[in-house]
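Q: This is the structure, below, for whatever I ask next.
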Amino acid sequence: MDYDEVARKLIVYSRSLAKGSLSAAGGANVGETPVLQYLSSADGDVIPSEIAKKLGFSRARMSHILDSLETKGYVTRRPDPSDRRRVLVSVTESGRDYAAKKNAESVALLSNQLSSLGEHDAKELVRILNKAYSLTYDVDDYLDNL
């Protein structure tokens, strides 16, 4: 069993089901790391409402997260040249590095914890969380790209 793959999925489930209620670590505010990870995997610029929808945040919460990430130098926002009413968000190299570091730390920690459960229980946990997650979100749309 690839516990790292299971850990990646469990991280997405826990963040999405809790809608950002997990405690923040390492100076990141709640919700910042999944936003950075989403932007890091995006193909080009993204509009804030798309990020909010995919991650299950309100638009107001997304605005707050982006303000904080921009202050830290992890994202940039600019007007859309084709529609100046829209804002385009992109991750900076510093933001991409931070997201990768946090993701690796999370996966390693959770992978270790999952291995303590054993293969059967770890698979069962992910099966159940997958079922719960799919009630609200499009599983294939996001998890298949991890």
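Q: Between Leu125 and Ala104, what is the label-point separation in nm under the 7 Å Cα-to-beta-carbon projection?
A: 2.3
Q: If we count every other residue with Cβ under 13 angstrom of Gly44's Cβ, Lys/Arg +1 and Asp/Glu -1, where does the sum land?
A: Net charge around Gly44: -3.
Q: Which ³J(HN,Hα) values in Hz, rounded to whole numbers, follow from the phi angles of region 52-65 under the Karplus curve 6.51 cos²θ - 1.76 cosθ + 1.60, where θ = phi - 60° and Gly and Pro get x?
A: 4, 5, 5, 9, x, 9, 6, 5, 5, 5, 4, 4, 5, 4
Q: Something else now. If the cut-off is 17 Å between C-alpha atoms, which lysines fall inside it for Lys102, apart from same-chain ones fewer than 8 positions away?
A: Lys9, Lys72
Q: Determine the order of Met1, Met62 by accessible area, beginning with the largest, at a probe radius of 1.4 Å.
A: So the residues, ranked largest to smallest area, are Met1, Met62.
Q: Sticking with this structure for a sec: If amide hydrogens are placed 1.01 Å from N in the peptide plane, which non-local residues have theirs closer than 5 Å to the one on Arg86?
A: Asp80
Q: Next question. Just by accessible area at a 1.4 angstrom probe, what is the order of Thr76, Thr71, Thr136 from largest to smallest?
A: Result of the area sort, largest leading: Thr71, Thr136, Thr76.
Q: Also, I was wondering about something else. Using the heavy atoms of the protein chains and a 1.4 angstrom probe, tell me the accessible area per residue for region 39-139 in square angstrom.
A: Spelled out: the 1.4 Å probe surface of region 39-139, per residue, equals 60 Å².
Q: Once you sort the root eigenvalues of the Cα gyration tensor of region 45-116 as a ≥ b ≥ c, which label holds: rounded (a/c under 1.5), prolate (a/b larger than b/c) or oblate (the other case)?
A: Taking the square roots of the gyration eigenvalues as a ≥ b ≥ c, region 45-116 is prolate.
Q: Around Arg86, what is the net charge, scoring Lys/Arg as +1 and Asp/Glu as -1 over all other residues with Cβ under 15 Å from its Cβ?
A: Taking every other residue near Arg86 into account, the sum is +2.
Q: In terms of the Cα gyration tensor, with a ≥ b ≥ c the square roots of its eigenvalues, is region 57-99 rounded because a/c is under 1.5, prolate because a/b exceeds b/c, or oblate?
A: Oblate, because a/c is 1.5 or more while a/b does not exceed b/c.
The values are calculated or read from the model by the stated rules, or taken from the named source; none is laboratory data. Just so it is clear, the model here is predicted, and its values are computed rather than measured. Cβ atoms come from the backbone with ideal geometry, glycine included; neighbour counts cover every protein chain shown. Areas reflect the complete protein model, heavy atoms only, side chains present, ligands, DNA and RNA absent. Shrake-Rupley method; radii C 1.70, N 1.55, O 1.52, S 1.80 Å.
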